[in-house]
Amino acid sequence: MSSTAPRTLWIDAQGRLLTRDQTLLPFEDVLLELGGEEDCARAIRTMQVRGAPLIGAVAAYGLAFALRTDPTDAGLARARDDLLATRPTAVNLRWALDRVSARVAALPAAARAQAAWSEAAAICDDDAACNRSIGLHGAALLAPLRRAGAALQVLTHCNAGRIATVAHGTALAAVYALAEAGVPVHVWVDETRPRNQGASLTAWELGDRGIQHTVISDNAAGLLMRQGRVDAVIVGCDRVAANGDVANKVGTYLKALAAADNAIPFHVACPISSIDPGTADGEAIEIEARDPREVTHIRGRGPQGGMVEVQLTPDGSPAFNPAFDVTPARLVASLITEHGPTDASPEGVRAALGRSAAEG
Ligand code: MRU
């Protein structure tokens with residue numbers, strides 16, 4: 001499968017690896033050149049790039065850069081460990097590093113950097129194709145939920161859109177596929193405190209695509225569901241355990257609970273690269289704890305137009321900032337992989353992995 005959709009990570013005519021600095025969106029759309037391993041690691045750590053599939057792709061290029069400097073086994077192991085340490089929860093990071101490592105392991109040192117670069121490019125191509133497929137499968141699941149005469153009302157949390165991936169997005173790929181098919185669709189966008197990926201990034205990219213949307217405070221979703229104003233919830237994921245438990249942006253679990261209480265289907269867009277069969281269940285997933293300052297302060301556009309940060313909490317109030325949570329498999333209607341929807345259960349996860357191994 002191939003895809004010609006605009007990419008979030010690309011090589012320009014001069015051979016430079018480019019992306020967008022997501023810490024500046026939606027106010028400034030600034031290109032960021034990733035010129036070496038340390039640039040890639042820093043971009044992931046500081047969340048200039050974010051979203052599980054995108055950080056995997058950037059890490060793959062980071063490893064390729066590192067091999068240009070030191071293609072030995074020791075160099076490969078050191079760079080892999082350093083890149084892996086940038087963020088702990090999304091398994092796509094480890095998946096991509098392992099894919100590049102496996103590609104180059106048996107090669108002579110002199111051939112490794114070029115092979116790693118080609119593998120990183122293949123990861124990007126595969127991500128674009130995979131997400132397009134997730135979008136089509138997701139659209140097929142969601143379209144029948146539209147009520148006659150009304151737009152389909154979809155709620156999403158965080159940003160699982162094109163800028164969280166190489167192209168298309170995962171959860172939002174379904175929305176884009178619906179719109180392309182002419183299905184009227186409106187997206188309720190959770191703001192997604194503390195970093196506001198919904199308010200800043202999802203709203204930006206939906207607006208860019210001309211998709212109807214409304215930003216809501218995170219706490220409003222339950223009310224809207226009770227009022228019958230949400231037909232389906234679709235989110236992305238950072239890691240799916242062998243039993244179907246799903247780690248995603250903090251707050252996802254509360255949306256799943258509210259959806260279950262209101263008999264609203266809660267779907268998870270889930271590339272095979274986000275499934276971690278080596279993690280038995282959600283309890284075993286490491287949850288990233290980020291700087292409490294993201295809770296005590298908030299960033300946005302100031303009166304002069306530049307980014308400013310303001311304090312929300314009293315001086316000295318402690319804060320705690322887990323970046324992800326775990327939604328138990330029992331609350332998930334389906335995991336939508338590139339091979340189609342599957343149950344969030346040990347059997348469903350095994351079946352998806354089996355299909356992936358068979359279909360390649
Ligand atoms: O902390 P972030 O912004 O990297 O978290 C992103 C999410 O939680 C996304 O929902 C997830 O990575 C899926 S992206 C297709």
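For residue 215, nonlocal amide neighbours, meaning residues 5 or more places apart or on other chains whose placed amide H falls under 5 Å from its own, are 189.
Between 47, 307, 225, the residue with the greatest mean-square fluctuation in the GNM of the chain (Cα pairs under 10 Å linked by springs) is 307. The long axis of helix 73-84 is offset from the longest Cα principal axis of the chain by roughly 20 degrees.
Nearest 10 degrees, 0 to 90: what angle lies between the long axis of helix 91-104 and the longest principal axis of the chain (Cα atoms)? The answer is roughly 30 degrees. Going by neighbour counts of Cβ atoms within 10 Å, the residues 125, 12 line up, fewest first, as 12, 125. I'd like the antiparallel share, as a percent to the nearest 5, of DSSP beta bridges with both residues in the chain. In the chain, approximately 50 percent of DSSP beta bridges are antiparallel ones. A simple spin-label model places pseudo-atoms 7 Å from Cα toward Cβ; at residue 10 and residue 227 they are separated by 4.0 nm. Take residue 183, project a point 7 Å from its Cα along the Cβ direction, then tell me which residues of segment 217-233 have their backbone nitrogen under 20 Å from it. The answer is 225, 228-233.
Overall, segment 214-304 carries a charge dipole of about 540 debye about its Cα centre when +1 sits on the Cβ of Lys and Arg and -1 on the Cβ of Asp and Glu, all other atoms neutral.
Relative contact order of segment 244-360: 40 percent, from C-alpha pairs under 8 Å at least 6 residues apart in sequence. Angle, helix 109-142 long axis vs. longest principal axis of the chain, Cα atoms, 0 to 90°, nearest 10? Helix 109-142 sits roughly 10 degrees off the main axis of the chain. The rule of thumb for compact globular proteins, 2.2 N^0.38 Å, goes into the C-alpha radius of gyration of segment 303-345 2.18 times.
Here the gap between residue 105 and residue 70, fully extended at 0.36 nm per residue and compared with their Cα-Cα distance, gives a gain of 11.3 nm.
Just to confirm the filter: which trypsin sites (Lys or Arg not before Pro) across segment 104-158 are DSSP coil and have at most 15 other Cβ within 10 angstrom of their Cβ?
Working: sites: 112, 132, 146, 147; in loops: 146, 147.
Filter output for segment 104-158: 147.
The Cα atoms of segment 227-360 define a convex hull whose projected area, averaged across directions, is 11.4 nm².
Working note: 222 nm ellipticity from helices only, DSSP H runs with n ≥ 4, each -39,500 (n - 2.57), summed and divided by the residues of the chain, gives -12000 deg cm²/dmol to the nearest 500. Computed over segment 93-174, the range of Cα coordinates on each principal axis works out to 63, 21, 15 Å, biggest value leading. Listed from fewest to most Cβ neighbours within 10 Å, the set 320, 266 follows the order 320, 266.
Counted over all Cα-Cα pairs of segment 129-359, pairs farther apart than 21 Å make up 55 percent.
Ranking of 176, 253 by neighbouring Cβ atoms within 10 Å, starting from the fewest: 253, 176. Each Cα pair under 8 Å and six or more residues apart adds its separation to the average, and for the chain the resulting relative contact order is 16 percent. Proximity of backbone amide H atoms, modeled 1.01 Å from N, is registered between residue 248 and 238, 325, 327 at under 5 Å, excluding neighbours fewer than 5 places apart on the same chain.
Using a Förster radius of 25 Å, what is the FRET efficiency between residue 217 and residue 147 based on their Cβ-Cβ separation? Nearest 0.05, please.
Numbers: r = 25 Å, r/R0 = 0.99.
After rounding, the FRET efficiency stands at 0.50.
State the percent of C-alpha pairs, over all pairs in segment 9-127, separated by a distance greater than 24 angstrom. Don't jump to the answer; show the numbers that get you there.
Numbers: 1332 of 7021 pairs.
Roughly 19 percent, rounded to a whole number.
Values quoted throughout were computed directly from the atomic coordinates according to the rules given, and no laboratory measurement underlies them. Computed from a prediction, not measured in an experiment: that's the story for all the values here. Please note: Cβ atoms are built from the backbone with ideal geometry, for glycine as well, and neighbour counts cover all protein chains shown.
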